[in-house]
């Protein structure tokens, strides 16, 4: 009997400076880095958190009133799923025959979300997701995701899941992805540049460790891209000495880890732009799983278990199915209206169940 054909591929984690607050400019740079990754044999390339149009560092440096000067520009240069700009990236993935894992600020209606997309080598969107809960002052800019964003998609290159930044410090969210047999994890980070020496938990030591632990704990490959703060960005955002101390240039710590926690590829200097590359073999995951599979033979579901509700969240508007409503109150149903994401590539809403069916339906359990 022939052995299973486990995918083997070269992956790339981007460490670079975005064209800050410039949607088209950052898309141009994204495509240039995709070309660079493709020339070096990569079949999947991953970009940092809010790579487009850059991370809003001013929220950590200013009171809200001073940060208002950036609001309109950041909103206007955020990416709309399914837009012409989004299609440019999908077309580039198809042309280069490379998988794209993208981090971006998503504009949907009048709101922004910390988002990620997985686009395959044919230019098809396999998945879009939003950060489940923005961290600390990020909540002054971005809205919440929902349970449907904790998703692993089965693809020809493996089972791929994605999280942003401190989602890697949320144990139940991590376990939700482990339980879906995740094999390649995209762990996107914005740069470890803020509050140096003042907030150890925000620095590179803790957060690269979070990526490494994710790999060993979930027995999967972790591709962890990380952005860089350029001297030009620093000069733009920091106008006094205190701000210059709170945000530093550099902060790039892109990494790739194997399912045993080993670091793969060659890392770059924190202020250096480029790609971290590694060849991965999904067949080696079984060796790590043999020792400890936290959602299989190493689990004790009779003692602890996760309740995972993957129902898309209600985004303000809901409506009644009038055809079913004629059958009485028991047959009335509502569906969430999610704006742009209802028709976004790779993203769809479930059909509306009647209330009797909804009452029977249990959230996913892992």
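The values are calculated or read from the model by the stated rules, or taken from the named source; none is laboratory data. On a predicted model such as this, the values are computed, not experimentally measured, just so you know. Quick reminder, even Gly has a Cβ in these numbers, built from the backbone with ideal geometry, and neighbours come from all protein chains shown.
Yes or no: the stretch 215-227 includes at least one residue that is farther than 25 Å from residue 159 by Cα and touching a helix residue (DSSP H, G or I) at 6+ places or on another chain (Cβ under 8 Å). No: zero hits.
The helices (runs of 4 or more DSSP H) located wholly in the stretch 1-87 that include 3 or more residues which are modelled with pLDDT of 95 or more and over 17 Å from the mean Cα position of the chain (by Cα) occupy 23-39, 71-76. Taking each residue of the stretch 142-163 that is in the same structural domain as residue 208 (by TED's automatic domain parsing) and looking for partners that are buried (at least 22 other Cβ atoms within 10 Å of the Cβ) and assigned to a loop (DSSP other than H, G, I, E, B) with beta-carbon atoms closer than 6 Å, six or more apart or interchain, yields 142/134; 145/131; 152/182; 158/183; 159/182; 159/183; 161/182. Taking the stretch 25-45 as the range and being within 14 Å of residue 103 (Cα to Cα) and in contact with a helix residue (DSSP H, G or I) (Cβ under 7 Å, 6 or more places away or on another chain) as the test, the residues that pass are 27, 30, 31, 34, 45.
Elements of the type strands (runs of 3 or more DSSP E) sitting completely within the stretch 112-187 and holding at least 2 residues that are buried (at least 23 other Cβ atoms within 10 Å of the Cβ): these cover 125-130, 158-164. Screening the stretch 228-244 for residues that are out of contact with any helix residue (DSSP H, G or I) (no Cβ under 6 Å at 6 or more places or on another chain) and touching a residue at least 40 places away in the same chain (Cβ under 8 Å) and picking the one that is surrounded by the most Cβ atoms within 10 Å (Cβ to Cβ) gives 229. Once the stretch 188-218 is narrowed to residues that are part of a loop (DSSP other than H, G, I, E, B) and free of Cβ contacts under 8 Å to residues at least 40 places away in the same chain, the residue that is surrounded by the fewest Cβ atoms within 10 Å (Cβ to Cβ) is 197.
Taking residue 97 as the residue in question, decide whether it is surrounded by fewer than 19 Cβ atoms within 10 Å (Cβ to Cβ) and farther than 27 Å from residue 151 by Cα.
no
For the stretch 258-290, taking the residues that are part of a strand (DSSP E or B) and under 29 Å from residue 59 (Cβ atoms), the one that is farthest from the chain's Cα centre (by Cα) is identified as 274.
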